[in-house]
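First comes the structure, then the notes that go with it.
The values are calculated or read from the model by the stated rules, or taken from the named source; none is laboratory data. It should be emphasised that the depicted structure is a prediction, and the values quoted were computed from it without experimental measurement. Cβ placement follows ideal geometry from the backbone for every residue including glycine, while neighbour counts extend to all protein chains displayed. Heavy atoms of the whole protein, side chains included, go into the accessibility calculation; ligands, DNA and RNA do not. Shrake-Rupley method; radii C 1.70, N 1.55, O 1.52, S 1.80 Å.
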Amino acid sequence: MNLSFCVRWPQPIAIGANNGGHRKAETGKLVTPLPVSCRVANRQSANPMSRTNIIALLIFGAILGYFLSFGPETTQNFKAGVYRLLAPFLTGGSGIKKQITSVRSGLKSLDELEHENAALNVENRELRATNKGLRDVEHEVNRLRHALNYRERSMFKLVAAEVIARDSSSWWRTLTINRGKRDAIETDMPVVTNVGLVGKTTTVSDTISVVLLISDENCRVAASVEGSREQGIVSGERVTGGLTPLLDLNFLSKQADLKPGQKVYTSGVGGVFPSGLLIGAVKIFRVRELDGQAQLTPAVELSHLEDVFVVTGRR
């Protein structure tokens, strides 16, 4: 309702008159009456239930009554239609939930795999250490077994000894063992392993002895060559640095013509070393001005000695 039409049009009314519905105010002033349309509009605005609200309420009631009038089958069809409309959204939400759950499970699996991998690495290192220890024990057992077998089948009386010291400045010259006079060890006794000749004792105390190695140039051993009548003297070479020394077999005949691989044994000449102890094998042979000379590879690995035997006599 447009209120612009509700305009007061003042009309003078005589005091005391009661004409046309005009009345006199208690104050004595004239009161101009409002038009009828304005009075209706004021009554409508004062009413809380407007026409629009009434219409909306009627439409809602009609819709509600319409749905209430459905039978069970129609209601089920309606629900099915609603679910068909909502199905893509529900499916998408379920898929996202599954993806989130899958990602969480994947992250959990990665953490578990990382911890498992770390545990396996620790176990692997422990197994490697155990395996190395077992290999060392096996090597030690085999070495001792061979030494004991040699001791049992040897034609010599042997005293087992352990290498306890080596001087780096005289690595290829001497070593110290833990046997001495208390064990019937004396000076100039041969020292051997199950492989071959090592050297001879020099300085002997009550509990320890110093062994002069055959790689020392001052250690001289009478020797004979396998498969020939050649004999000579074996001595060590003077070396510098970390080179492994060879042995020289001197005073051979020029016609010896020794071949690589021929073995050289102690000949027993001189009385210090008994015959039959392996010294080494021929590496090269050469003819010198006055005699023939062969270079030998020692039979014993002199740089890795741990246990030796001292020959105290024959059985």
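Among the residues of region 230-241, is there at least one that is assigned to a loop (DSSP other than H, G, I, E, B), polar (S, T, N, Q) and under 27 Å from ALA161 (Cα atoms)? The answer is no, given that none of the residues of region 230-241 is assigned to a loop (DSSP other than H, G, I, E, B), polar (S, T, N, Q) and under 27 Å from ALA161 (Cα atoms).
Here GLY268 fulfils each of the conditions (1) part of a loop (DSSP other than H, G, I, E, B); (2) open to solvent by 90 Å² or more (accessible area, probe 1.4 Å) apart from (2).
Conditions tested, residue by residue: (1) in contact (Cβ under 8 Å) with a residue 40 or more places away in the chain; (2) open to solvent by less than 30 Å² (accessible area, probe 1.4 Å); (3) not charged (D, E, K, R).
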{"residue": "GLY180", "(1), (2), (3)": "no, yes, yes"}
{"residue": "GLY196", "(1), (2), (3)": "yes, yes, yes"}
{"residue": "THR203", "(1), (2), (3)": "no, no, yes"}
{"residue": "ALA222", "(1), (2), (3)": "yes, yes, yes"}
{"residue": "VAL239", "(1), (2), (3)": "yes, no, yes"}
{"residue": "LEU247", "(1), (2), (3)": "yes, yes, yes"}
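Can you tell me how many residues within region 122-160 are open to solvent by less than 100 Å² (accessible area, probe 1.4 Å) and not in a helix (DSSP H, G or I)? Residues in region 122-160 being open to solvent by less than 100 Å² (accessible area, probe 1.4 Å) and not in a helix (DSSP H, G or I): 5 in total. If you go through region 179-207 and keep only what is of a type in the set (Val, Ile, Thr) and either within 12 Å of CYS219 (Cα to Cα) or assigned to a loop (DSSP other than H, G, I, E, B) (or both), you end up with ILE185, THR187, THR193, VAL195, VAL198, THR201, THR202, THR207. Right, VAL163: part of a strand (DSSP E or B), of a type outside the set (Asp, Glu) and more than 19 Å from GLY313 (Cα to Cα) or not? Yes, satisfied. Scanning region 282-305 for residues that are modelled with pLDDT under 90, open to solvent by 80 Å² or more (accessible area, probe 1.4 Å) and under 43 Å from the mean Cα position of the chain (by Cα) turns up just one, HIS304. Taking region 259-315 as the range and being polar (S, T, N, Q), more than 16 Å from SER228 (Cα to Cα) and in contact (Cβ under 8 Å) with a residue 60 or more places away in the chain as the test, the residues that pass are SER303, THR312.
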